[in-house]
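Read the structure below first, then the notes.
Every read-out reported here was derived from the displayed coordinates using simple, explicitly stated rules and does not represent laboratory data. Since the model is a prediction, treat every value here as computed from it, not as a measurement. All Cβ positions, even for glycine, are placed from backbone atoms using ideal geometry, and neighbour counts span all protein chains on display.
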Amino acid sequence: MAKQSFLQGAVILAGAGATTKIMGMMIQVVVARKLGAQGFGLFQTIHPIFFMLLTISTLALPAALSKVIAENLALGNIAAVKRALWIAHITVILLSVSVCLTAIALAPAISARWLDPLGFLPLIGAILRIPVVCLSAIMSGYYMGTQNQGPPAAAWILETAVRTTVTIPLVVLLNPHGIEYGALAIMIGAGIGECAGYAYMLWRFFGRDRHFMTNTPAELPRARHIKKTIHDLVEVALPTTLTNLCGIVAYASEPVMIYIAFAHVGIARAQATALYGSFGMAAELLFLPTVLSSSISSAVIPAVSEAAAMHDTRLVSYRLNQVIQATFMIALPATVFFILSGYDLAHSLYKNHLAGALLVYLAPTVVFIYIFEPLSAILQGLNKAALSTVVTLLTSGIRMGCIYYFVGQAGQGIFGVATSIAISGIVATFLSLYFLRDLVSMSMNFTRLAKMVIATGLAAIPIHQIQTTFAATSPLLQVTFSLVIGGLVYLFCILYMRVVPLGTLQEIPFVGPMMTKLFGHMPFIS
């Protein structure tokens, strides 16, 4: 099976993620315009519960599986790879079905007590997705561990294409019957898309990619071997699950705390749902570039695990510094773009002024929000997921306390929720860096960082000019020109100033060799 480098894997996942995000935005625009802020808020309040159930059902086995497979492949232990894959599959099948049945039984009480009453039908639709999402995640974890990101990327694109094709007409068809049916349509479309993505990965595995395991000498599944594989999986899965559960429980409790805080200042639940929907629209746009940092996170776990298994501390340190610099490269231009064009972006897509104001308000903190996930992934790759649990516990408590204070006491309204998210993100990032500094050598290339800042500043000039020139035209036109022109200026600047070295540029799939040849003949600024 083809193995890709860390950079190639991250680029493939990022390309797939960007493609799916663009298609996913079509669904979000339809949802925002057809269901309105209240319908979008209804969808947002169900998501935390769905992710909590999903976390319990997977037990963080996808991340653990990728780590165990990467380590055993590095040591040539193919039999352990087989065992880990089937143990993970059997575990999530049993867990996901059990969780699904239990959640369906409890759904009436959950929707009546903690959610908007209209959330019952979409909650059932979300619960029924759990088994296939878990199985798909296990197959993705397998491919991540083999450092072959192509099949998960293709499955991701197929899933989103099917989801987009199915969801939009379903929303249009069902929404006239009530916003709860419109939200249910989103869940149905997502479930059908996830089935298509999982079916593709199964077809790919049984058709091509399992042969490298079946061609190895057979080994009897001795009890001690099975016990060792389970131990290896649990060693990563248990602390990671605790970390995820802490975060997800806080995430699931967030709408409840928001309803309580808004009720404290006399705002009804329906109005609070609409305000939370506006915040959800802003958050969707704010986290749009995290598809790139998430791709880095997915690729870095097996890469760091492999380096750690080979006791290559220099490579582990190199990966950490790569991750930090790559995240800065994404976050800096995103900050400037959201500050200058965020309001017009939200208004042109969602027709919601409050979402635009919230996006601009949160924009200065995106560096901290984006970098936390890759740092947490490195802790997992180093078998230090317990430290992520500590970070998540502390920051979750801070976020919940801040929501209650800023919304219910200080009277900031929905901007208080945004303030709370920003504060918790900043604290989480600094705590992760604090823990990592004792594990890995960190050295920031300040010259390269300065070049990124210069490139961002140069890209901001045409963005600001476009905002001024096209002030009287449509917001969509302003945003489109700003994104294209500003993005091209930024890309040219970071390549011209060798923020991305030629050797690294060469490794980028498809376009890397061509760009290396083009920029190799230019007088770079070193």
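What the phi angles of the stretch 411-423 give under the Karplus curve with 6.51, -1.76 and 1.60, with θ = phi - 60°, is a coupling list of x, 7, x, 5, 5, x, 5, 4, 4, 5, 5, 5, 4 Hz, glycine and proline written as x. In this simple spin-label model, placing a label point 7 Å from the Cα along the Cα-to-Cβ direction at both Ile22 and Val172 gives a separation of 2.2 nm.
For the stretch 359-484, the normalised intensity computed at q = 0.20 Å⁻¹ comes to -1.08 (log10 of I(q)/I(0), Debye sum over alpha carbons, equal scatterers, no solvent).
Across the stretch 97-155, counting alpha-carbon atoms alone, Rg and Dmax equal 15.8, 45 Å.
D by Stokes-Einstein for the stretch 326-399, Kirkwood Rh over Cα pairs, 20 °C, 1.002 mPa s: 153 µm²/s. From most to least packed by mean Cβ count within 10 Å, the peptides 148-154, 431-437 give 148-154, 431-437. Shown in residue order for the stretch 255-268 are the 3J(HN,Hα) couplings computed by the Karplus curve 6.51 cos²θ - 1.76 cosθ + 1.60 at θ = phi - 60°: x, 4, 5, 5, 4, 5, 5, 5, 4, 5, 9, x, 9, 5 Hz (x for Gly and Pro). Label-to-label distance for Gln409 and Ala154 is 5.5 nm, based on points extended 7 Å past Cα in the beta-carbon direction.
Here the gap between Leu75 and His464, fully extended at 0.36 nm per residue and compared with their Cα-Cα distance, gives a gain of 134.7 nm.
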